[in-house]
């Protein structure tokens, strides 16, 4: 789905982005969430992802999960409000998917979205690119 | 003696490099009125000869007796090897192994300690040590609260009173409710437990053998904990008991390994331990040593899962512990390597001797057992006047036990007597003779 | 190197236990309660001795070489401390024996407390805490109880962004909200940011002074005033006391509570990670908040006092890490009133000397007089060489690396604390090696990137250790 270049990955255009470096891909009322290539690069090797429980209610821009590298812990914020519908269990054995395939097998959780209007507050891939380049 | 190598001439050269005339010029960034103008009102500098004389005189004021005291601090045999190893300055003058390439000795030894604790407790993961058993128990209470999200801890009065005070102090700072339950015939009152445990209980704490030396029915207690989805935290204060007893099917096992190669030392330092089931690993406080490989593929050890700890998680950490009791954990590791399977025989010596003492004492006039429960190497004897007994024995250089009135008003004139492998039959017979009088 | 378990051989014995001299009884514990198996190794004494001797040779202590670990005060650990702490009169006493039998121990603790009070200017000290962070927790507990008794619901603790992680962790353990205070361009507390955050919710400020950059805060008295005017308490993280002991009293700086690290400032050894000791001192009006028991003197009799009106309770079983207290006491008696100020003065001179030599070759973010330690950074290093490469290369030269990547406010920080027990000669040699490494970074960076190469193991895979944790040996 994404062609991995030597150093950079393109931010997929069919996704929306947050300023905290999460992406969300929406199909009907389910949004799949992960972190961007920029974020995984800054984190360096991911060693553990603390996944939320299925059914947990999440609020927009509040912590839904945490992700750990050897030397740091980062919060992953829910891009929109809703309920956790599914989590990526593969990450228990393969946390490195977040680094290697951040937009593909490195997805983290799926939200059943309560208010699709909240998506309008998120960034397009072009807008996100500007932010990522700026940092 | 101040251990400062530089001579006045060298200091002058250094001051020149820095560009000031006097060392005190380097303190000019501190408000002048804060700089002390008078010497401190403490004693004068002393030579090594005089320091030794002075402090040896203080040590002499401590009277060494034959004592039958346990109560959380046990007099056990320490193989000579232990002190030789922990006196090696490559170990004791080293810091926490943050540069693992030059600290493989410390890291491997701690890995061995973690392994020993898992073997003895039946748990999946053990950490590199805690300050002592009491703080390990308090941290276990915090962990249970964090894991279950519940606010109540059940803490029987059969747990060491000082351990209970510590758990209560810690919990009072964190809005966790400690509910004490009573004892019956020296062990946890099951009826009381049944009445107090509810859906808001995060954990049931139980010490085994308990403070009275009695052996608890852990499986029975576990049933009630499981019913209410509370965690079971087992606490082992007399580590030698692990030679014959297992902590049961607990979720968290904590305790103290002072009995494994650490002298009494007036109660400290000791060394706490904590071991947990695999699923609780990431919520465990303290340092963890893990196995890994270096760039050549060679096996090595390193501090790992540090994202649990305060230097990374900061205010989100579940504990603030850094320095623990690693050198004492090394002592325990050496001790266990020396005892090996003979720990079982050692435990048996304790068991046999304490029961011999018990049998002899219970037939004396004016003395009777307080409880009929099974016990390990400590037991409680009711007497007419324990204060009198204690002071009489002192004249014969013996301390017969601990008067429980100190901790339990209802147990005044009850003595907690501990017998270990360090007491010969002769010692016990002498104690009994003196009690007869 | 094999683990001890791998050296086990069935039937070996290392210990000769005494024969049972009382009649043996069976079934004292029913079989269903007995342990099933005890899978401990079987070794002989020579196996154990050789194993741990070999292990010790793969370790590095202050006695092996220069250990400039910033913030840890790795000073020389006097051997007389070790000898005296091992006197039978100190090792063989039981904490629950009658007090009349332990007068020596109580006297030593009482005297040590008095000396620590004199050194810091505080009114009383508890010797109970087992480590610095344990002491911090006690300090925060005291703050919490103080405001509870005043019926003031103060929920916030202010902490500078340069602080050690234990500060916010300790505050959080007592359910305080931690608010970060910015450091100014000089690396010290930004007074404006501090004033901005002051309100009736602020219980206190936790400050390390000198701070984690080794800098003394010029505004310390002003900071104390801002806090006290607001009714807040002022806590001192005394980890850096080596810079001021005998020259300045911590209480004079306006602090209300302080913890000390006896295993740093007072020469007790670090022991691969403890045991330490973290006594906590307070000003007079906070005396009775301290944990029980305190040691009091009644004419010639020393006793344990459990009657403190507002005590926070107890933070560990018994009274403290006694043998660590003995070592610290021995040190204080050895140095005396003449020696203690020399500790701070020489610690500060040594640090400034080394800083002066190294700043010509490395980036020094705060180019000003330091106290007992200073911070360099990896800014401007060629060939993408970073702090970790420099640290690992130092291991090849037989040094322990300085503290790296702390404090967080300096990118790639290298915190160097020589301590007063190092000679000019040692520091000159170290400076020469640092300069050599700087040169290698330009001319032969692979030497740094592949470092260490002469140590028992090379760089270890931290990612593997965290992704697939193996935390014990399994047969």
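Among the conditions (1) touching a strand residue (DSSP E or B) at 6+ places or on another chain (Cβ under 6 Å); (2) crowded, with 23+ Cβ neighbours inside 10 Å; (3) touching a residue at least 60 places away in the same chain (Cβ under 8 Å), residue C:140 misses just one, which is (1).
Does residue C:326 qualify as being surrounded by 24 or more Cβ atoms within 10 Å (Cβ to Cβ) and under 17 Å from residue C:424 (Cα atoms)?
Numbers: surrounded by 24 or more Cβ atoms within 10 Å (Cβ to Cβ): yes; under 17 Å from residue C:424 (Cα atoms): no.
In short, no.
Within the set A:97, A:61, A:109, the sole residue that is on the phi > 0 side of the Ramachandran plot and in contact with a strand residue (DSSP E or B) (Cβ under 9 Å, 6 or more places away or on another chain) turns out to be A:61. Being over 12 Å from residue B:377 (Cβ atoms), in the same structural domain as residue B:154 (by TED's automatic domain parsing) and in contact (Cβ under 8 Å) with a residue 60 or more places away in the chain is a property that residue B:223 lacks.
If you go through the stretch B:367-396 and keep only what is surrounded by fewer than 21 Cβ atoms within 10 Å (Cβ to Cβ), over 30 Å from residue C:15 (Cβ atoms) and in contact (Cβ under 8 Å) with a residue 40 or more places away in the chain, you end up with B:367, B:370, B:371, B:372, B:392, B:394. Residues in the stretch C:48-63 that are facing another protein chain (nearest Cβ under 7 Å) and over 14 Å from residue C:455 (Cα atoms): 6 in all.
Applying the criterion of being within 30 Å of residue A:47 (Cβ to Cβ) and free of Cβ contacts under 8 Å to residues at least 24 places away in the same chain to the residues of the stretch A:103-135, the residue that is farthest from the chain's Cα centre (by Cα) is A:134. Among the residues of the stretch B:308-335, those identified as buried (at least 24 other Cβ atoms within 10 Å of the Cβ) and without any contact (Cβ under 8 Å) to a residue 40 or more places away in the chain are B:310, B:320.
If you go through the stretch B:66-91 and keep only what is more than 9 Å from chain C (Cβ to nearest Cβ), closer than 16 Å to residue B:259 by Cβ and either surrounded by fewer than 21 Cβ atoms within 10 Å (Cβ to Cβ) or without any contact (Cβ under 8 Å) to a residue 24 or more places away in the chain (or both), you end up with just B:78.
In the stretch C:286-306, the qualifying residues are those that are touching a residue at least 12 places away in the same chain (Cβ under 8 Å) and in a loop (DSSP other than H, G, I, E, B), and the one that is surrounded by the fewest Cβ atoms within 10 Å (Cβ to Cβ) is C:306. Within the span defined as the stretch C:442-465, one or more residues are facing another protein chain (nearest Cβ under 9 Å), touching a helix residue (DSSP H, G or I) at 6+ places or on another chain (Cβ under 9 Å), surrounded by 17 or more Cβ atoms within 10 Å (Cβ to Cβ) and in a strand (DSSP E or B).
Among the residues in the stretch B:54-61, are any more than 7 Å from chain C (Cβ to nearest Cβ), under 21 Å from residue B:129 (Cα atoms) and surrounded by fewer than 20 Cβ atoms within 10 Å (Cβ to Cβ)? Reasoning before the result, please.
To start, the set of residues in the stretch B:54-61 that are more than 7 Å from chain C (Cβ to nearest Cβ) comprises B:57.
With under 21 Å from residue B:129 (Cα atoms) added as a condition, the list becomes none.
No, because not a single residue in the stretch B:54-61 is more than 7 Å from chain C (Cβ to nearest Cβ), under 21 Å from residue B:129 (Cα atoms) and surrounded by fewer than 20 Cβ atoms within 10 Å (Cβ to Cβ).
Can we say residue C:123 is more than 8 Å from chain B (Cβ to nearest Cβ) and touching a strand residue (DSSP E or B) at 6+ places or on another chain (Cβ under 7 Å)?
Numbers: more than 8 Å from chain B (Cβ to nearest Cβ): yes; touching a strand residue (DSSP E or B) at 6+ places or on another chain (Cβ under 7 Å): yes.
The answer is yes for residue C:123.
If you check C:137, C:87, C:108, which single one turns out to be closer than 26 Å to residue B:406 by Cα, touching a helix residue (DSSP H, G or I) at 6+ places or on another chain (Cβ under 6 Å) and at the interface with another protein chain (Cβ under 10 Å from one of its Cβ atoms)?
Values: C:137 fails: closer than 26 Å to residue B:406 by Cα; C:87 fails: closer than 26 Å to residue B:406 by Cα.
One residue alone meets the criteria, C:108.
May I ask you to say which residue of B:149, B:122 is surrounded by fewer than 24 Cβ atoms within 10 Å (Cβ to Cβ), more than 10 Å from every other protein chain (Cβ to nearest Cβ) and at positive phi? Being surrounded by fewer than 24 Cβ atoms within 10 Å (Cβ to Cβ), more than 10 Å from every other protein chain (Cβ to nearest Cβ) and at positive phi holds for just one of B:149, B:122, which is B:149.
Table: residues versus (1) out of contact with any strand residue (DSSP E or B) (no Cβ under 8 Å at 6 or more places or on another chain); (2) facing chain C (nearest Cβ under 8 Å); (3) in a loop (DSSP other than H, G, I, E, B).
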{"residue": "B:279", "(1), (2), (3)": "yes, no, no"}
{"residue": "B:297", "(1), (2), (3)": "yes, no, yes"}
{"residue": "B:330", "(1), (2), (3)": "yes, yes, no"}
{"residue": "B:337", "(1), (2), (3)": "yes, yes, no"}
{"residue": "B:354", "(1), (2), (3)": "no, no, no"}
{"residue": "B:357", "(1), (2), (3)": "no, no, no"}
{"residue": "B:382", "(1), (2), (3)": "no, no, no"}
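Total residues in the stretch B:222-231 satisfying the condition of being surrounded by fewer than 24 Cβ atoms within 10 Å (Cβ to Cβ) and either under 16 Å from residue B:255 (Cβ atoms) or within 25 Å of the chain's Cα centre (by Cα) (or both): the figure is 1. Every test in (1) outside the structural domain of residue B:213 (by TED's automatic domain parsing); (2) surrounded by fewer than 24 Cβ atoms within 10 Å (Cβ to Cβ); (3) touching a residue at least 40 places away in the same chain (Cβ under 8 Å) is passed by residue B:281 save one, and that test is (1).
Looking across the stretch C:406-438, the residues that are more than 8 Å from every other protein chain (Cβ to nearest Cβ) and more than 18 Å from residue C:356 (Cα to Cα) come down to C:407, C:408, C:409, C:410, C:411, C:412.
Restricting the stretch B:248-274 to residues that are more than 18 Å from residue B:129 (Cα to Cα) and touching a strand residue (DSSP E or B) at 6+ places or on another chain (Cβ under 8 Å), the residue that is nearest to the other protein chains (Cβ to nearest Cβ) is B:266.
Listed by position, the helices (runs of 4 or more DSSP H) enclosed by the stretch C:31-96 that each have at least 3 residues that are free of Cβ contacts under 8 Å to residues at least 60 places away in the same chain and over 30 Å from residue C:328 (Cβ atoms) are C:45-57. Within the stretch A:57-77, the residues that satisfy the criterion of being farther than 23 Å from residue B:290 by Cα and either modelled with pLDDT of 95 or more or in a strand (DSSP E or B) (or both) are A:57, A:58, A:63, A:64, A:65, A:75, A:76, A:77. Scanning the stretch C:307-337 for residues that are within 12 Å of another protein chain (Cβ to nearest Cβ) and in a loop (DSSP other than H, G, I, E, B) gives C:311, C:312, C:313, C:314, C:315, C:316, C:317, C:318, C:319, C:320, C:321.
Can you name every residue in the stretch C:246-262 that is crowded, with 24+ Cβ neighbours inside 10 Å and closer than 16 Å to residue C:135 by Cβ? Listed by number, the residues that qualify are C:255, C:256, C:257, C:258, C:259, C:260, C:261, C:262.
The values are calculated or read from the model by the stated rules, or taken from the named source; none is laboratory data. Worth saying up front: this structure is predicted, and the values here are computed from it rather than measured. All Cβ positions, glycine included, derive from the backbone under ideal geometry; neighbour counts span all protein chains shown.
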